[in-house]
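The values are calculated or read from the model by the stated rules, or taken from the named source; none is laboratory data. Source: prediction; values computed, not measured. Counting neighbours? That spans all protein chains shown, and the Cβs are built from the backbone with ideal geometry, glycine included.
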Amino acid sequence: MAEISAKLVKELREKTGAGMMDCKKALQESDGDINKANEWLRQKGIASAEKKAGRVAAEGLIDSYIHTGSRIGVLVEVNCESDFVARREEFQALVRNIAMQIAAYSNVEYVKVDDIPAVIVQKEKEIEMGREDLQNKPDHIKEKIIQGRVDKRLQDLCLMDQPYMRDQSITVDEYVKQTVAQLGENIQVRRFTRYVLGEGMGEESDSSAEEAASDNS
């Protein structure tokens, strides 16, 4: 695989308007060829989705999902730009699939990394800084390892960074962007709440969450 430089990622970002991580992935998938990477972003609908991301999305749906056995429940709000799109079957399927995704992933607490409070980010950094396996490493190497581990931990907490349950080759974020390209409107997952029966009343079992994941795969 070709070495993907920050300069090349920046060049593709300026050309397409897509996010840094999307541009890097596109270049990796295209072996560093910027024209092929541009085509890859267009095929995935990512470039057009980024261009629509700044538009106001105040319509949409609030949907619920109760998993079989009634031990896990989800409420989720997904916004779009018009009530016309909100009534589209494709949009309603998106909202339902996202609700099922939330039910299946017990570790998810936030929509995206930017939603995580600074105090949580700092706590994760402090935990990683105290790991014994890093104590004898040079500071510049230790810093990179810590940042990599923290980034991975934060992504694990976020819905949009999870592998999409119906197609593990893409993330939830990419699935949403594909729907944006299909429907032609900005779509944003705004918020969600996940309920687990008996949560907070004693030791929580993950068996119901694992069942949800297996049923929805």
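Kindly indicate whether any position in the stretch 133-147 is in contact with a Phe, Trp or Tyr (Cβ under 9 Å, 6 or more places away or on another chain), more than 17 Å from Leu159 (Cβ to Cβ) and either surrounded by 13 or more Cβ atoms within 10 Å (Cβ to Cβ) or not assigned by TED's automatic domain parsing to the domain that holds Gln178 (or both). Can you show your working first?
To start, the set of residues in the stretch 133-147 that are in contact with a Phe, Trp or Tyr (Cβ under 9 Å, 6 or more places away or on another chain) comprises none.
For the stretch 133-147, residues in contact with a Phe, Trp or Tyr (Cβ under 9 Å, 6 or more places away or on another chain), more than 17 Å from Leu159 (Cβ to Cβ) and either surrounded by 13 or more Cβ atoms within 10 Å (Cβ to Cβ) or not assigned by TED's automatic domain parsing to the domain that holds Gln178 (or both): absent.
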*Provide a single number: the residues in the stretch 25-43 that are closer than 18 Å to Ser169 by Cβ, in contact with a helix residue (DSSP H, G or I) (Cβ under 8 Å, 6 or more places away or on another chain) and buried (at least 19 other Cβ atoms within 10 Å of the Cβ).*
6
*Which residue out of Ser70, Ser48 is at pLDDT below 85, polar (S, T, N, Q) and more than 17 Å from the chain's Cα centre (by Cα)?*
Ser48
_Any hit, the stretch 193-200, residues being at pLDDT 95 or above and either farther than 23 Å from Ile72 by Cβ or among the β-branched types (Val, Ile, Thr) (or both)_ = yes
*Inside the stretch 201-217, can you point out the residues that are within 21 Å of the chain's Cα centre (by Cα) and at pLDDT below 55?*
Ala209, Glu210, Ala213, Ser217
*asked:* With the requirement that a residue be within 18 Å of Asp63 (Cα to Cα) and touching a residue at least 60 places away in the same chain (Cβ under 8 Å), what does the stretch 103-123 give you?
replied: Ala103, Ala104, Tyr105, Val108, Val111
*asked:* If Gln162 satisfies all but one of (1) under 17 Å from Asp114 (Cβ atoms); (2) free of Cβ contacts under 8 Å to residues at least 24 places away in the same chain, what's the number of the condition it fails?
replied: (2)
